[in-house]
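Visitor: A single structure is presented below for examination.
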Amino acid sequence: ERAMASSANPILLVDAGAPAYPIGYANPACERTFGYAPHELGGQPLALLVGADRDQPAVHALCASLRQQREDHALVTMHTRDGAELISDVYIAPVRGADGTVSQFVVTVYDVTTAKRYEAELARHAHYDTLTGLANRTLLTDRIERAIAAALTTANRAPVWVVLLDVDHFKLI
């Protein structure tokens, strides 16, 4: 218990036998990450941390893992108490007794919001001009290749057209 309380990442113990998988234990990192004190999370359904955005494919996959009582992990968008969005890598592990029955799940949450936002920013810089915000040649090439591939897979083999507009002395503009 002291090890879980010392963790920098949120760790939850969830009741495997009760409907809605109520939280039985939450470490202090839950308050730093989600804004809920550990005692406030006690008895609350695990879905509270996902908020209203429960229709995510990753959430459905994790719910299936809970029902099947198996280990799993997924990237889930969660929400803090004040509504801020967190992108989290969520790990679920069943706790089995001596007889093999699952009494609880250990849910570990890693906040990867900053890393995912940085990745998105890098992807944006790779495909858009930083000065104008317009798509660059890399993105144009990708979209043309996708259009050609889509045209080749359609039954009627639709044509793909590319129009080039050359503006003289564009750098002066």
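Visitor: What number of residues in region 86-95 are in contact with a helix residue (DSSP H, G or I) (Cβ under 6 Å, 6 or more places away or on another chain) and either open to solvent by 30 Å² or more (accessible area, probe 1.4 Å) or hydroxyl-bearing (Ser, Thr, Tyr) (or both)?
Guide: Quick first cut of region 86-95, residues in contact with a helix residue (DSSP H, G or I) (Cβ under 6 Å, 6 or more places away or on another chain) only: 86-87, 92.
Next cut, either open to solvent by 30 Å² or more (accessible area, probe 1.4 Å) or hydroxyl-bearing (Ser, Thr, Tyr) (or both) only: 87.
Of the residues in region 86-95, 1 are in contact with a helix residue (DSSP H, G or I) (Cβ under 6 Å, 6 or more places away or on another chain) and either open to solvent by 30 Å² or more (accessible area, probe 1.4 Å) or hydroxyl-bearing (Ser, Thr, Tyr) (or both).
Visitor: When the residues of region 91-106 are filtered to those that are out of contact with any Phe, Trp or Tyr (no Cβ under 9 Å at 6 or more places or on another chain) and touching a residue at least 40 places away in the same chain (Cβ under 8 Å), which remaining residue is nearest to GLU71 (Cα to Cα)? Don't jump to the end; show me each part of the working.
Guide: Of all residues in region 91-106, those out of contact with any Phe, Trp or Tyr (no Cβ under 9 Å at 6 or more places or on another chain) come to 96-103.
Those still in the list that are touching a residue at least 40 places away in the same chain (Cβ under 8 Å) too: 102-103.
Numbers: VAL102: 11, SER103: 14 Å.
Here the answer is VAL102.
Residues are listed down the side, and each one gets a yes or a no for (1) in contact with a Leu (Cβ under 7 Å, 6 or more places away or on another chain); (2) in contact (Cβ under 8 Å) with a residue 24 or more places away in the chain:
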| residue | (1), (2) |
| --- | --- |
| GLU31 | no, no |
| PRO45 | no, yes |
| LEU62 | no, yes |
| LEU75 | no, yes |
| ASP89 | yes, no |
| THR108 | no, yes |
| HIS125 | no, no |
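Visitor: Further question: Can you tell me which residue within region 26-48, out of those that are closer than 16 Å to ASP82 by Cβ and open to solvent by 60 Å² or more (accessible area, probe 1.4 Å), is farthest from the chain's Cα centre (by Cα)?
Guide: Narrowing region 26-48 to residues closer than 16 Å to ASP82 by Cβ: 30-37, 40-41, 48.
Subsequent filtering for residues that are open to solvent by 60 Å² or more (accessible area, probe 1.4 Å) retains 31-32, 40.
Working: GLU31: 20, ARG32: 19, GLU40: 24 Å.
If we take residues in region 26-48 being closer than 16 Å to ASP82 by Cβ and open to solvent by 60 Å² or more (accessible area, probe 1.4 Å), then GLU40 is farthest from the chain's Cα centre (by Cα).
Visitor: Modelled with pLDDT of 90 or more and either closer than 22 Å to ARG32 by Cβ or out of contact with any strand residue (DSSP E or B) (no Cβ under 7 Å at 6 or more places or on another chain) (or both): is that true of ASP89 in this structure?
Guide: Yes.
Visitor: Against the conditions (1) open to solvent by less than 40 Å² (accessible area, probe 1.4 Å); (2) within 14 Å of SER88 (Cβ to Cβ); (3) not polar (S, T, N, Q); (4) not in a loop (DSSP other than H, G, I, E, B), where does ILE23 fall short? Just the number, please.
Guide: Every condition holds for ILE23 apart from (2).
Visitor: So which residues in region 49-85 are crowded, with 17+ Cβ neighbours inside 10 Å, within 19 Å of ALA26 (Cα to Cα) and over 16 Å from the mean Cα position of the chain (by Cα)?
Guide: LEU66
Visitor: Considering region 134-161 alone, what residues qualify as being farther than 30 Å from ILE87 by Cα, open to solvent by 100 Å² or more (accessible area, probe 1.4 Å) and under 29 Å from the mean Cα position of the chain (by Cα)?
Guide: Listed by number, the list holds a single entry, GLU145.
Visitor: Continuing with the same structure: Quick test for you: out of ARG54, ARG81, pick the one residue that is among the basic types (Lys, Arg) and touching a residue at least 40 places away in the same chain (Cβ under 8 Å).
Guide: Details: ARG54 fails: touching a residue at least 40 places away in the same chain (Cβ under 8 Å).
Going through ARG54, ARG81 in turn, the sole match is ARG81.
Visitor: How many residues are open to solvent by 90 Å² or more (accessible area, probe 1.4 Å) and either polar (S, T, N, Q) or more than 22 Å from the chain's Cα centre (by Cα) (or both) when one looks only at region 96-133?
Guide: 6
The values are calculated or read from the model by the stated rules, or taken from the named source; none is laboratory data. The model shown is predicted, which means the values in this text are computed figures rather than measured ones. Positions of Cβ are generated from backbone atoms using ideal geometry, with glycine treated the same way; all protein chains shown enter the neighbour counts. The protein model used for the area step is the full one, side chains on, heavy atoms only, and it has no ligands, DNA or RNA in it. Shrake-Rupley method; radii C 1.70, N 1.55, O 1.52, S 1.80 Å.
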